[in-house]
Amino acid sequence: MKRLLLILIIGASISSVTFAGGGFWDSFSILNVKGAGNTFYDLGAATVLTDFHGYSIGEMTPASHSLILGGQIKTWKNNGTDITGASIFYRIYPQGSPSGSFTAISYTWQKNYPDVGSSSGDQQWGTDAQGGNATDDGVNILENSTLTTGTYTLEVYAKITTNGVDAATELLDNNSGNYYNASFTVNESLPVTLTSFSAEAENGSVLLTWQTATELNNYGFEIERSLSDATDWQKIGFVPGSGN
């Protein structure tokens, strides 16, 4: 990948080539929405992937849904410049009311790519090429959330740091200062109104009993259990709902 400026000196037969210090090659956000799997979205990249900017993530309930934000950043460097770190920053605020500070998610170096000169100037930071570990180096940004019902903006930008040689110590991919914005909605209301719920031990099992006063478009109830930590749950049954 060539990144150079050819300077022509008029009136002389000498030309020189000057390389810029470093910068972004590609940058992506990676979302795992409600445990549905890792999906790459373009930040500063220009690929066939969906653009993160302007994307609608959908509806979720923080108490029961996860929204894991990960990232992959590809950088380049020339001359004495060394890329020393890469991060994605995010913040969440009610749509139309930008506020709050950004939180950083830092990524480690993964591998080098040979550039046009067969050197190791191109690098990848964060997640493997297939995105298989996006949830390992990502963050559930809804964890411990206090978001109430409404529409929210997820604002993101990427940053790399350098050794300061032939380049600034910090370089940003921030959509020209406008940041990259996606939206999602929070719905804290439940489609059912419970009037009672009980759990009783019975012959080595647990008997669950409940009643509802109202149900709205209720397909049914998934029954789950956690064998150890009340964090990891598995589905063990399903009880049809009453619809409306």
Response to the item:
HIS65 meets each of (1) over 26 Å from GLY22 (Cα atoms); (2) open to solvent by less than 60 Å² (accessible area, probe 1.4 Å); (3) modelled with pLDDT of 90 or more with one exception, condition (3)
Worksheet item: When the residues of segment 68-95 are filtered to those that are aromatic (Phe, Trp, Tyr) and modelled with pLDDT of 95 or more, which remaining residue is surrounded by the fewest Cβ atoms within 10 Å (Cβ to Cβ)?
Response: TYR93
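Which of the residues spanning segment 159-184 are of a type in the set (S, T, N, Q) and not in a strand (DSSP E or B)?
Across segment 159-184, the qualifying residues are ASN163, THR169, ASN174, ASN175, SER176, ASN178.
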Item to complete: Determine whether ILE57 is closer than 24 Å to THR161 by Cβ, at pLDDT 90 or above and of a type in the set (A, V, I, L, M, F, W, C).
Response: no
Practice prompt. Look through segment 131-155, keep the residues that are among the acidic types (Asp, Glu) and modelled with pLDDT under 90, and return whichever of them is least open to solvent (accessible area, probe 1.4 Å).
Written response: ASP137
Item to complete: Give the residue that is farthest from the chain's Cα centre (by Cα), with candidates limited to residues of segment 48-92 that are part of a loop (DSSP other than H, G, I, E, B) and aromatic (Phe, Trp, Tyr).
Response: TYR55
Worksheet item: For ALA158, which of the numbered conditions (1) small (Gly, Ala, Ser); (2) over 15 Å from the mean Cα position of the chain (by Cα); (3) surrounded by 12 or more Cβ atoms within 10 Å (Cβ to Cβ); (4) closer than 30 Å to LYS77 by Cβ fails to hold?
Response: (2)
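Name every residue in segment 96-115 that is open to solvent by 80 Å² or more (accessible area, probe 1.4 Å) and within 21 Å of ILE68 (Cβ to Cβ), in order of residue number.
Matches in segment 96-115: SER101, SER106, THR108.
May I ask you to list the residues in segment 203-244 that are β-branched (Val, Ile, Thr), assigned to a strand (DSSP E or B) and surrounded by fewer than 10 Cβ atoms within 10 Å (Cβ to Cβ)?
THR209, ILE236
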Fill in: Residues that are within 10 Å of ILE73 (Cα to Cα) and either more than 9 Å from the chain's Cα centre (by Cα) or without any contact (Cβ under 8 Å) to a residue 24 or more places away in the chain (or both), drawn from segment 20-47
PHE24, TRP25, ASP26, SER27, LEU43, GLY44, ALA45
Fill in: Cβ-Cβ under 7 Å pairs, at least 6 apart or on other chains, segment 145-157 side on the phi < 0 side of the Ramachandran plot and free of Cβ contacts under 8 Å to residues at least 60 places away in the same chain, far side open to solvent by 40 Å² or more (accessible area, probe 1.4 Å) and assigned to a strand (DSSP E or B)
THR151/THR185
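Within segment 189-202, restricting attention to residues that are open to solvent by 60 Å² or more (accessible area, probe 1.4 Å) and among the hydroxyl-bearing types (Ser, Thr, Tyr), which residue is nearest to ARG91 (Cα to Cα)?
Looking at residues that are open to solvent by 60 Å² or more (accessible area, probe 1.4 Å) and among the hydroxyl-bearing types (Ser, Thr, Tyr), I get SER189.
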Discussion item. Just to be sure I understand, how many residues within segment 23-59 are of a type in the set (Phe, Trp, Tyr) and open to solvent by less than 20 Å² (accessible area, probe 1.4 Å)?
Written reply: 3
Practice prompt. Can you tell me which residue within segment 161-188, out of those that are among the β-branched types (Val, Ile, Thr) and within 23 Å of GLN124 (Cβ to Cβ), is least open to solvent (accessible area, probe 1.4 Å)?
Written response: THR162
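The values are calculated or read from the model by the stated rules, or taken from the named source; none is laboratory data. What you see is a predicted model; the values in this text were computed from it and never measured. So basically every Cβ, Gly included, is an ideal-geometry build from the backbone, and we count neighbours across all protein chains shown. With ligands, DNA and RNA removed, areas are computed over all heavy atoms of the protein, side chains included. Shrake-Rupley method; radii C 1.70, N 1.55, O 1.52, S 1.80 Å.
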